[in-house]
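Read through the structure below, which is laid out as structure tokens, and then see the notes.
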Amino acid sequence: MIGSGIGGILVSLPFGYGVLRRIGKRFSQRFTLVLLQIWMICAAAAATAEPVRIAALGDSLTQGYGLMQQDGFTAQLQDWLAAHHVDATIINAGVSGDTTAGGLSRVDWTLTPDIDAMIVALGGNDLLRGLSPELSRANLKGILEVAQAKSVPVLLVGMQAPGNYGAEYKAHFDAIYPDLADTYGTLYFDGFLKPLTDLGLWEQILKTHMQTDGVHPNATGVSVIVEAIGPTVEALVHRARGATPD
């Protein structure tokens, strides 16, 4: 290297040239420090250049039940991120029919070392089975604790219980998600289907944005959901990079 070579020449001069020798040592040390700083900057830039890998842990809503692959949630979310110049890769970790217990059983091996962040969207099948809100809370808590232990930032997607289980059940279940998001410091999105319920009359939304089963959104419905959740996923990417959005 040129700088260290010059420094070496100056250092090697005869003893009578003490001043020049000291200059040579200082030049060599400073040049080495500059090289080290450049290397650290390049290493950080290389790490930043890698796409953030996000595991979407969920059930059939995440998995894309009843849809062509390109129309599913993770595929449309990937397209949204690309359109908004967010360098991230979505990994579809949705399993149709999965409960919070199922998510807890597989979260550890889902969060491999190459996963940088996680979206958690579970609880719908707990509701369909009428499971205890306390059990669902404990499972979701376990999932967040695994993520916390692995230093993986999380976006927790809420879920609202229907009224047919009674007001007390609904109140207990609905409170799970914001409570846990606050306790574990996760990002929070109010509900997977909430962007659709916010559109207006549900009877009409069932015809235009839902599949015939009345449970899963169609491609149009998914696009509405993705448009709503996209900015929060972008915030998750910033959090995974240890940065804050502009």
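The values are calculated or read from the model by the stated rules, or taken from the named source; none is laboratory data. What you are looking at is a predicted structure, and each value in this text was computed from that prediction instead of being measured. Here Cβ is always computed from backbone atoms with ideal geometry, including for glycine, and neighbour counts include all displayed protein chains. Surface areas here come from the heavy atoms of the whole protein model, side chains and all, with no ligands, DNA or RNA. Shrake-Rupley method; radii C 1.70, N 1.55, O 1.52, S 1.80 Å.
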For Thr208 and Ala175, FRET efficiency with R0 = 22 Å and r from the beta-carbon atoms, rounded to 0.05? 0.10
Evaluate E = 1/(1 + (r/R0)^6) for Thr220 and Ala82, where r is the Cβ-Cβ distance and R0 equals 30 Å; express this FRET efficiency to the nearest 0.05. 0.95
Note to self: with every protein chain in place and a 1.4 Å probe, region 78-193 gives an accessible area per residue in Å² of 45
Quick check on packing: order 55-65, 210-220 by the mean number of other C-beta atoms within 10 Å, highest mean leading. 55-65, 210-220
Scalar couplings 3J(HN,Hα) for region 220-232 by Karplus 6.51 cos²θ - 1.76 cosθ + 1.60 (θ = phi - 60°), nearest whole Hz, x for Gly and Pro, are 5, x, 4, 4, 5, 4, 5, 4, 6, 8, x, x, 6
Output ordering of 81-87, 226-232 (per-residue mean of other Cβ within 10 Å, highest first) is 226-232, 81-87
Of all accessible heavy-atom area on region 187-246, the percent that carbon and sulfur account for (1.4 Å): 56
Modelling each spin label as a point 7 Å along the Cα-to-Cβ direction, I'd like the Tyr188/Ser105 distance in nm, to one decimal. 2.9
